[in-house]
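Worksheet: one structure, shown below.
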Amino acid sequence: MKLCVPVIVAGVLLYPCFANAGPADYVYTPTVEYGEKEIDFKLGVSHKNDTPLESAHSLGFGYGAKEWWFTELYVKYKRENNESTKFDAIEWENKFQLTETGKYPVDIGLILEIERPKDHAEGWEVKWGPLFQTEFGKIQLNGNLLFERNYRSDFQSDTQFQYQWQAKYRWLPQFEFGLQGFGEMGKWDDWSPSDERIHTAGPAIFGKIPLGDHQAIRYNAAWLMGSSDAAPDHTIRMQVEYEF
């Protein structure tokens, strides 16, 4: 059973199958560091065919409130259709570590996000789902299954199904490399036709640069290419965190 668990999880991580992931979205990890504070900046730009560029960015402040709970508040902005950059939403992100790091073959966590869009007609956007991570020597695999729904909105909202996956080789703490992927399947219990699903994947880099006195800069970035008709042709995303 111990051998089967990481194999099953690895299959979930690397199978490109899973409502609306933004260009600045990032791959969640299940671990929490108690007492850590961070300032987090995320940026993403996507492009499809001859349509205008779509961009999004956010600025957040996070805190490891407990050994098992990390909470973060974001202010989010976006730009669409060649318009100016506009305030988009406020988001409260909470990550819960459910297993002790390294105790089991797979580390497990849970993500819960509550977002209040600027357009109150959209109601409250809630995203939740399990987070998985396993390691094989210097190789780290992550896979997340996510559910998203708008509550108290002016339109009917169904629960949507998304996925994220990541594989990286931990060459050096300052520089790691690998792959990332994101996808959207539509309704969780009635997937969209294959030409309407969104799948993107591509190379990624990661790293943590110590600054001394318990401070560090952590970064990750990816160039994602669409592998389905509905996906953007190209997405460039990056995340920079100042930890202290």
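A few points about this structure:
- Listed residues H199, F177, F147: farthest to the positive end of the dipole of region 76-204 (Cβ charges): F177
- Along each principal axis, Cα extent of region 149-244, largest first, Å: 51, 32, 20
- The residues neighbouring W68, those whose beta-carbon lies less than 14 Å from its own, together hold a net charge of -2 under the Lys/Arg +1, Asp/Glu -1 convention.
- Volume per residue for the chain equals 131 cubic angstrom (convex hull of Cα atoms).
- Spin-label model, W92/A121: points 7 Å from Cα along the beta carbon direction are separated by 2.6 nm.
- Among D50, D233, D119, D40, the order of accessible area from largest down is D50, D119, D233, D40, computed with a 1.4 Å probe on protein heavy atoms.
- Computed from backbone phi with θ = phi - 60° and the Karplus coefficients 6.51, -1.76 and 1.60, the 3J(HN,Hα) list for region 196-201 is 9, 7, 10, 9, 9, 7 Hz; x is used for glycine and proline.
- Here region 114-233 exposes an accessible surface that is 57 percent carbon and sulfur, computed with a 1.4 Å probe and the other protein chains kept in place.
- Solvent-accessible surface (1.4 angstrom probe) belonging to E184, in square angstrom, nearest 10: 20 Å²
- Under the simplified labelling scheme, the D195-S153 pair shows an inter-label distance of 2.5 nm, with each label point 7 Å from Cα along Cα→Cβ.
- Qualifying trypsin sites (Lys or Arg not before Pro) for region 120-217 [loop in DSSP, other Cβ within 10 Å: at most 12]: K138, R152
- The modelled label-to-label distance between E36 and V240, using points 7 Å beyond Cα along the C-beta direction, is 1.9 nm.
- Once the 1.4 Å probe is applied to the protein heavy atoms, region 96-177 comes out at 52 Å² accessible per residue.
- Placing unit charges on the Cβ atoms only, positive for Lys and Arg and negative for Asp and Glu, gives the chain a dipole magnitude near 620 debye about its Cα centre.
- Measuring between alpha carbons in the structure, the pairs from K78/K127; K78/K187; K76/K208 lying more than 21 angstrom apart are K78/K187; K76/K208.
- Extension reserve of the Y63-K187 stretch, reckoned as 0.36 nm per residue once the Cα distance is removed: 41.4 nm
- A viscosity of 0.692 mPa s and a temperature of 37 °C, combined with the Kirkwood radius over C-alpha pairs in the Stokes-Einstein formula, give region 61-155 a diffusion coefficient of 213 µm²/s.
- Figure note: W171, W165, W191 ranked by solvent-accessible area, largest first, 1.4 Å probe, ligands and nucleic acids not counted: W171, W191, W165.
The values are calculated or read from the model by the stated rules, or taken from the named source; none is laboratory data. For clarity, every value in this text was computed on a predicted model and none was experimentally measured. Glycine also receives a Cβ, built like all others from the backbone with ideal geometry; neighbour counts cover every protein chain displayed. These area figures cover heavy atoms from the full protein model, side chains too; ligands, DNA and RNA do not enter into them. Shrake-Rupley method; radii C 1.70, N 1.55, O 1.52, S 1.80 Å.
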